[in-house]
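Asks: The following block contains the structure, expressed as structure tokens.
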Amino acid sequence: MNTPTATIRTMIVDDEVLARQNVEALLRHDPDITIVAQCNNGTSAVEAIRRHQPDLLFLDVQMPGMTGFEVLAKLPAALMPQVVFVTAYDHFALQAFEVQAVDYLLKPFNRARFADALARAKSAVRGQEKKDFTRRLDDVMSALQQLRSGAPTDGAVAGKSREGDGRLFIRCDGEIHVMAPEDILWIESDGDYVRLHVSDKSRFVRMSLHKMMEKLDPAHFVRIHRSTIVNLRHMKKACTALYGEYTVELTNGTKLKVSRTFVQNLKAHL
């Protein structure tokens, strides 16, 4: 792997001509970037990576004959570049993060979103001497094996990380967000969406409340209303209200109604 000096050696791999041209146009005027090759399939990409030894790779996931993950799996650890996946499909997000991809760009993306991904990529390349490339290659192989086994994924929340740390991979505002469940204060249904109230802001996810509950640890997340889930880690107190109902107060001062239907469900966790 070349250690970047003046510029970052960059490759673009996508089977769609317009997609390659779009990325090229966004990179063309960046003085930190030198585009060393472009490829339209996985086989030629592997050969070009071996020949040019890029520092950074913009890589499509689904291509004829070989996926982006299979491309990475064929590389020796010493040639593993930093990777930004560029794809129209969000259900590969979990595998992308597992192989320590710098970012995961969902087509179509705007100039600001691309600039954000590129900034992350530059930072990763400049610090790459600290990376354990052998471990990254092991992660690629594990993710590839998971894909071949047909492990189910979800378009909105891909699931928990392979390491079992409970992180959620959530599609929101055209991006994939990695979220720690403990940061979620409470969740409410809103039509075909759920709104995740986290410490910094609220995020909408297209998913039913029931489906979201299946993604969460029942030891910490409790349904207190047909439209509300609360994170017990952020519950300050529960108070009785009228007609057998309760009110839950969170650490940030939010007060939530506990319906009679779900009172026993809450009491079972207290």
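The values are calculated or read from the model by the stated rules, or taken from the named source; none is laboratory data. Source: prediction; values computed, not measured. Neighbour counts run over all protein chains shown; Cβ positions are idealised from the backbone, glycine included.
Asks: Kindly indicate which of Val194, Val178, Val230, Val205 is assigned to a strand (DSSP E or B) and modelled with pLDDT of 90 or more. Before the answer, list the steps.
Replies: Working: Val194 fails: modelled with pLDDT of 90 or more; Val178 fails: modelled with pLDDT of 90 or more; Val205 fails: modelled with pLDDT of 90 or more.
Only one candidate qualifies: Val230.
Asks: Moving to a separate point now. Within segment 32-48, work out how many residues are in contact with a Pro (Cβ under 7 Å, 6 or more places away or on another chain) and buried (at least 21 other Cβ atoms within 10 Å of the Cβ).
Replies: Residues of segment 32-48 that are in contact with a Pro (Cβ under 7 Å, 6 or more places away or on another chain), as a first pass: 36, 41.
Adding the requirement that they be buried (at least 21 other Cβ atoms within 10 Å of the Cβ) leaves none.
Counting residues in segment 32-48 that are in contact with a Pro (Cβ under 7 Å, 6 or more places away or on another chain) and buried (at least 21 other Cβ atoms within 10 Å of the Cβ) gives 0.
Asks: Taking the condition over 17 Å from Phe109 (Cα atoms), aliphatic (A, V, I, L, M), surrounded by fewer than 21 Cβ atoms within 10 Å (Cβ to Cβ) and under 25 Å from the mean Cα position of the chain (by Cα), does Ala73 pass?
Replies: Details: over 17 Å from Phe109 (Cα atoms): yes; aliphatic (A, V, I, L, M): yes; surrounded by fewer than 21 Cβ atoms within 10 Å (Cβ to Cβ): yes; under 25 Å from the mean Cα position of the chain (by Cα): yes.
Yes: the conditions hold for Ala73.
Asks: Follow-up. For residues that are free of Cβ contacts under 8 Å to residues at least 12 places away in the same chain and not in a helix (DSSP H, G or I), tally how many sit in segment 233-270.
Replies: We begin by selecting, within segment 233-270, every residue free of Cβ contacts under 8 Å to residues at least 12 places away in the same chain; these are 239-240, 242, 247, 253, 255, 264, 267-268.
Restricting the remaining residues to those that are not in a helix (DSSP H, G or I) gives 239-240, 247, 253, 255, 268.
Residues that pass the stated criteria total 6.
Asks: Find all pairs meeting these conditions: Cβ atoms under 8 angstrom apart; at least six residues apart or on different chains; first residue within segment 103-122 and free of Cβ contacts under 8 Å to residues at least 60 places away in the same chain and crowded, with 20+ Cβ neighbours inside 10 Å; second residue in a helix (DSSP H, G or I) and aromatic (Phe, Trp, Tyr).
Replies: Leu105/Phe114
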